[in-house]
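The values are calculated or read from the model by the stated rules, or taken from the named source; none is laboratory data. This one's a predicted model, so the numbers in the text were calculated from it and none came from an experiment. Note: ideal-geometry Cβ built from the backbone for every residue, glycine included; neighbour counts use all protein chains shown.
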């Protein structure tokens, strides 16, 4: 099998549910070595839906104002995770607050970080935020 385009890795932005939280833990602990699974679930599960679901896929899907996003390959492999919250700042603008991201790019290169940036930009636009503010975990 041959792939002519070196940039063929497809990463789908997904709102992570309970199963996604468990998978995300393996990425986040690389950046937060003292984090336990119980603490991670307590920290994130209030913003998580029951199941993973694709976001930014159609106009009918509304993005909740807070949640945990993963970038998932067609194989089901989770390559990146970040938390977000849309915060109102002014009458018609807002701030998209990002925590993280944690990511893994086993093939090296720029594909995963570029897709993280694209996803954050798309989410800010979809949530009506004119600014993105980032903090670590």
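Quick notes on this structure:
- Condition met for residue 83 (buried (at least 18 other Cβ atoms within 10 Å of the Cβ), at negative phi and either assigned to a strand (DSSP E or B) or at pLDDT 95 or above (or both)): yes
- Looking only at the stretch 31-64, residues that are touching a strand residue (DSSP E or B) at 6+ places or on another chain (Cβ under 6 Å), outside any strand (DSSP E or B) and modelled with pLDDT of 90 or more come to 3 in all.
- With respect to the conditions (1) in contact with a helix residue (DSSP H, G or I) (Cβ under 9 Å, 6 or more places away or on another chain); (2) over 14 Å from residue 127 (Cβ atoms); (3) modelled with pLDDT under 95; (4) not in a loop (DSSP other than H, G, I, E, B), residue 20 falls short on a single one, namely (1).
- Scope the stretch 106-119; condition more than 12 Å from the chain's Cα centre (by Cα) and exposed (fewer than 14 other Cβ atoms within 10 Å of the Cβ); matching residues: 106, 107, 108, 109, 110, 114
- Residue ID - nearest to the chain's Cα centre (by Cα), chosen from residues in the stretch 120-137 that are surrounded by 13 or more Cβ atoms within 10 Å (Cβ to Cβ), modelled with pLDDT under 95 and under 16 Å from residue 81 (Cβ atoms): 123
- Under the condition of being out of contact with any helix residue (DSSP H, G or I) (no Cβ under 7 Å at 6 or more places or on another chain) and either surrounded by fewer than 14 Cβ atoms within 10 Å (Cβ to Cβ) or within 17 Å of residue 100 (Cα to Cα) (or both), the residues counted in the stretch 23-50 number 17.
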